[in-house]
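Single-structure report; data block below.
Every read-out reported here was derived from the displayed coordinates using simple, explicitly stated rules and does not represent laboratory data. Small disclaimer: the values here were computed from a predicted structure and weren't measured. Counting neighbours? That spans all protein chains shown, and the Cβs are built from the backbone with ideal geometry, glycine included.
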2 protein chains.
Amino acid sequence: MRAMSMYASVPHLSKMLRNLKEWMSDGAELAKTKDFEPAVLLSARLAPDQYPLLRQIQAVCDAAKFAAARVAGKTPPVHEDTEQTWEQIIARIDGVVQYLDSFTEADFEGAEERVVPLPFLPGKGAKGLVYFNEMAIPNFYFHLNMTYAILRHNGVALGKVAYIGGFELVDL
Amino acid sequence: MRAMSMYASVPHLSKMLRNLKEWMSDGAELAKTKDFEPAVLLSARLAPDQYPLLRQIQAVCDAAKFAAARVAGKTPPVHEDTEQTWEQIIARIDGVVQYLDSFTEADFEGAEERVVPLPFLPGKGAKGLVYFNEMAIPNFYFHLNMTYAILRHNGVALGKVAYIGGFELVDL
């Protein structure tokens, strides 16, 4: 069974984060139209015991950063989760996109078998490929989609095209 | 750049659908505790112009089915979206899990380059690997997470462990 190239997935994470930035623009647009501060959206949640939008975006940024860094055996930049404003959270996304774009294929040499420690399970880890496919990627999509869901629930007019973004087409 | 083995992802889709079945059990449990019909949850939505839970589950089932079938060049079983009851939608999930489990590695021979027609873009298609990674998998995670979000928004006590499920650990 051939393993996926984890490196090949990194530009995809980057693309989905750039899509997310577009959703945020649509959120800011709605705020303008309805005359409220966009930062109000940052405290919106789907359930009282679930992260609000701001924390979901911090989490999707971290999920992307850790997905790439941990399997590549790199130490990612630290983010202290101190963002409070709309501009600060957008800058956080930009920073992670830039970080993802710094990876090269050589960084993923041996990544499939590299054991990644799991901070939430002391003494345990998972092989790179298992960590990436079974934990990091589903976790990335989780916070990405919760971000989408909170914006959508609050009236931002998002649809599948905004979620999927562009990809390479061929004529039939 | 090595391409991922799409076949290797099929058991993962299957696992995530089995996780979803657990969330549904938790939903049924909440309904029992709070004394309402579980089917009430099937009409819940996050936004008036977004699919309700029932349609989200039909969509995640289709996303999984089409992800595997289209890149493998197979014609998947037709589902008419006639489910109305809790039991019927659970049976739909079971059917798709069973269908996914019927794929073999040989089914994905040449799948990376196989052109998959895009029904929503007449005359256009995408190469198998592009379709799978950029369209089918993000779309699967979309409806999976909207399902999760609707249940969570309606008070079902789900968390990250229920979402991620189990994966192979190693001792450090």
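Quick look at the numbers
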read-out	value
Complete set of residues in the stretch A:95-117 that are among the charged types (D, E, K, R) and without any contact (Cβ under 8 Å) to a residue 60 or more places away in the chain	A:Glu109, A:Glu113, A:Arg114
Any hit, the stretch B:71-83, residues being under 30 Å from B:Leu30 (Cα atoms), touching a residue at least 12 places away in the same chain (Cβ under 8 Å), crowded, with 19+ Cβ neighbours inside 10 Å and not basic (Lys, Arg)	yes
A:Ala8 being small (Gly, Ala, Ser), touching a Pro at 6+ places or on another chain (Cβ under 6 Å) and in a helix (DSSP H, G or I)	no
Pick from the stretch B:139-172, criterion of a type in the set (Val, Ile, Thr) and within 12 Å of B:Trp23 (Cα to Cα), ranking: surrounded by the most Cβ atoms within 10 Å (Cβ to Cβ)	B:Ile150
Residue in the stretch A:43-65 that is outside any helix (DSSP H, G or I) and away from chain B (no Cβ under 14 Å) present	yes
Residue in the stretch B:12-21 that is more than 13 Å from every other protein chain (Cβ to nearest Cβ) and either of a type in the set (A, V, I, L, M, F, W, C) or under 28 Å from A:Asn154 (Cα atoms) (or both) present	yes
Subset of the stretch A:84-113 [closer than 17 Å to A:Ala44 by Cα, exposed (fewer than 12 other Cβ atoms within 10 Å of the Cβ) and either touching a Lys or Arg at 6+ places or on another chain (Cβ under 7 Å) or small (Gly, Ala, Ser) (or both)]	none
Residue in the stretch B:1-22 that is nearest to the chain's Cα centre (by Cα), counting only those that are crowded, with 18+ Cβ neighbours inside 10 Å and closer than 21 Å to B:Thr85 by Cα	B:Leu17
Any pair with Cβ under 8 angstrom, 6 or more apart, that starts in the stretch A:150-172 at a residue that is in contact (Cβ under 8 Å) with a residue 12 or more places away in the chain and over 20 Å from A:Val60 (Cβ atoms) and ends at one that is of a type outside the set (Asp, Glu) and surrounded by fewer than 12 Cβ atoms within 10 Å (Cβ to Cβ)	A:Gly155/A:Lys34
Number of the condition not met by B:Gly128 [criteria: (1) touching a strand residue (DSSP E or B) at 6+ places or on another chain (Cβ under 8 Å); (2) more than 8 Å from chain A (Cβ to nearest Cβ); (3) small (Gly, Ala, Ser); (4) surrounded by fewer than 13 Cβ atoms within 10 Å (Cβ to Cβ)]	(4)
Condition met for B:Tyr51 (surrounded by 15 or more Cβ atoms within 10 Å (Cβ to Cβ), without any contact (Cβ under 8 Å) to a residue 60 or more places away in the chain and of a type in the set (Ser, Thr, Tyr))	no
Subset of the stretch A:121-172 (residues that are in contact with a Pro (Cβ under 7 Å, 6 or more places away or on another chain) and of a type in the set (A, V, I, L, M, F, W, C))	A:Ile164, A:Leu172
Condition check for B:Val156: more than 7 Å from chain A (Cβ to nearest Cβ), more than 30 Å from A:Leu169 (Cβ to Cβ), in contact with a Phe, Trp or Tyr (Cβ under 7 Å, 6 or more places away or on another chain) and not charged (D, E, K, R)	yes
Qualifying residue in the stretch A:9-22 (condition: more than 12 Å from A:Leu151 (Cβ to Cβ), in contact (Cβ under 8 Å) with a residue 40 or more places away in the chain and β-branched (Val, Ile, Thr))	yes
The one condition in (1) of a type outside the set (Ser, Thr, Tyr); (2) crowded, with 17+ Cβ neighbours inside 10 Å; (3) on the phi > 0 side of the Ramachandran plot that A:Asp35 fails to fulfil	(2)
